[in-house]
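The values are calculated or read from the model by the stated rules, or taken from the named source; none is laboratory data. Fair warning: this is a prediction, and the values are worked out from it, not measured in the lab. Here Cβ is always computed from backbone atoms with ideal geometry, including for glycine, and neighbour counts include all displayed protein chains. Ligands, DNA and RNA are excluded from the accessible area calculation, which covers all protein heavy atoms including side chains. Shrake-Rupley method; radii C 1.70, N 1.55, O 1.52, S 1.80 Å.
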Amino acid sequence: MRPSSSDTAQGVDSAPSSSTLKRRSIGPLLWLIVLLVLVGGAIWWFGATRETAPAPTATAPTDPVASPPAKAAQTNGQSQAPTASSRTRPVIADRDARMAEGMPQPDYPGEALRAGEGGTVLLNVEVDAHGEPSQISIAKRSGNRQLDRAALTAASKWQFEPAIRDSEAVTATVQIPVEFSPQ
């Protein structure tokens, strides 16, 4: 069917022109090129910035190292060689739990300070394998309830270095004296 003369006179054209076809086909092609450039750039970026880390090696800690006892099993008169895991794992000397450095002193209760009261509170602190205080109790009281409470509150916020037994962090109890002096 051909367009009538009235359709042509009004500017209605049933067939799209070649410039319209070019504009429609360039849009998706342009997006495809942009997408390919972005994907290629991402592959290049992540491929170029990724570095392979060397395999970790076991190093001896700076703490004193205890030598493991000789545990050579005798089988038909021959001794067994140590396994690979026992050779690579550093042996750390046993130690008791201890308070980490830089822990704040307890706040001196104002009422006890004004009254000039002082004393020493001896705390039993159970330290878990992560260095957190898990249970705190008073081994010896100071004679002032406010001082005892201040020591308990402060100890609950402290960090510790856990006890070490057979190169493993373990739960242990440590006694810590907390001294209050009104001077």
Worksheet item: part of a strand (DSSP E or B), touching a strand residue (DSSP E or B) at 6+ places or on another chain (Cβ under 9 Å) and not small (Gly, Ala, Ser): does that describe Glu117?
Response: no
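Select from the stretch 126-137 the residues that are under 25 Å from the mean Cα position of the chain (by Cα) and not in a loop (DSSP other than H, G, I, E, B) and list them in ascending order. Walk me through how you get there before you give the answer.
If we filter the stretch 126-137 for residues that are under 25 Å from the mean Cα position of the chain (by Cα), which is where we start, we get 126-135.
Matches in the stretch 126-137: Glu126, Val127, Pro133, Ser134, Gln135.
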Worksheet item: Pick from the stretch 138-179 the residues that are part of a loop (DSSP other than H, G, I, E, B) and open to solvent by 90 Å² or more (accessible area, probe 1.4 Å): which of them is farthest from Leu123 (Cα to Cα)?
Response: Asp166
Worksheet item: Ala66: at pLDDT below 75, exposed (fewer than 10 other Cβ atoms within 10 Å of the Cβ) and over 23 Å from the mean Cα position of the chain (by Cα), yes or no?
Response: no
Item to complete: Could you list, in sequence order, all residues of the stretch 95-114 that are touching a residue at least 24 places away in the same chain (Cβ under 8 Å), among the small types (Gly, Ala, Ser) and exposed (fewer than 15 other Cβ atoms within 10 Å of the Cβ)?
Response: Ala100
